[in-house]
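The values are calculated or read from the model by the stated rules, or taken from the named source; none is laboratory data. The structure displayed is predicted, hence computed values, not measured ones. No Cβ is skipped: glycine too gets one built from the backbone with ideal geometry, and neighbour counts run over all protein chains shown.
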Amino acid sequence: MKRYEVMYIINASVEEEKRTALIETLSGIITNEGGNIIKTDEWGMRDFAYRIDDMYKGYYVVTTFEADNECVKEYDRLMGINPNVVRYMIIRRDDEAAQGAKK
């Protein structure tokens with residue numbers, strides 16, 4: 001399995017209980033598809049640099065996980081159709097030790 005990181009922004013109008021449930025649901029997609037959650041960081045409510053769909057702020061979350069390609073494809077598909085996710089970006093993380101060796 002490869003290591004990935006996803007940063008996503010939840011609509012600021014989502015209530016705290018629903019936001020917590022949404023974060024658990026989104027993490028559950030990864031584990032249900034055979035991936036492993038390494039770490040989830042909630043950055044909290046932040047202002048946008050520019051307006052997105054008439055919104056000026058959102059709740060930022062960063063999750064590091066390990067998964068195969070099929071899991072990432074399904075996660076990407078479900079993130080794209082979730083109405084409470086304003087924006088998201090999935091990136092592949094190489095091992096930090098390997099990055100140091102490449103320099």
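Within the range 17-38, the only residue that satisfies the criterion of being surrounded by 16 or more Cβ atoms within 10 Å (Cβ to Cβ) and among the basic types (Lys, Arg) is ARG19. Every condition in (1) out of contact with any helix residue (DSSP H, G or I) (no Cβ under 8 Å at 6 or more places or on another chain); (2) closer than 19 Å to MET1 by Cβ; (3) surrounded by 11 or more Cβ atoms within 10 Å (Cβ to Cβ); (4) modelled with pLDDT under 95 is met by LYS73 except one, and the failing one is (4).
Scanning the range 25-47 for residues that are free of Cβ contacts under 8 Å to residues at least 12 places away in the same chain and not hydroxyl-bearing (Ser, Thr, Tyr) yields a total of 3. Taken over the range 46-59, the residue count meeting the criterion of being surrounded by 12 or more Cβ atoms within 10 Å (Cβ to Cβ) and over 13 Å from ARG87 (Cα atoms) is 1. Only residues that are assigned to a strand (DSSP E or B) and either of a type in the set (S, T, N, Q) or more than 19 Å from ARG93 (Cβ to Cβ) (or both) were counted in the range 1-22, giving 3.
Restricting attention to the range 44-60, the residues being of a type in the set (A, V, I, L, M, F, W, C) and under 21 Å from ASP76 (Cβ atoms) number 1. Looking across the range 1-20, the residues that are closer than 15 Å to VAL86 by Cβ and more than 10 Å from the chain's Cα centre (by Cα) come down to ASN11, ALA12, SER13, VAL14, LYS18, ARG19. Scanning the range 23-81 for residues that are touching a strand residue (DSSP E or B) at 6+ places or on another chain (Cβ under 7 Å), more than 16 Å from ARG93 (Cα to Cα), among the hydroxyl-bearing types (Ser, Thr, Tyr) and in a strand (DSSP E or B) turns up TYR56, TYR59, TYR60.
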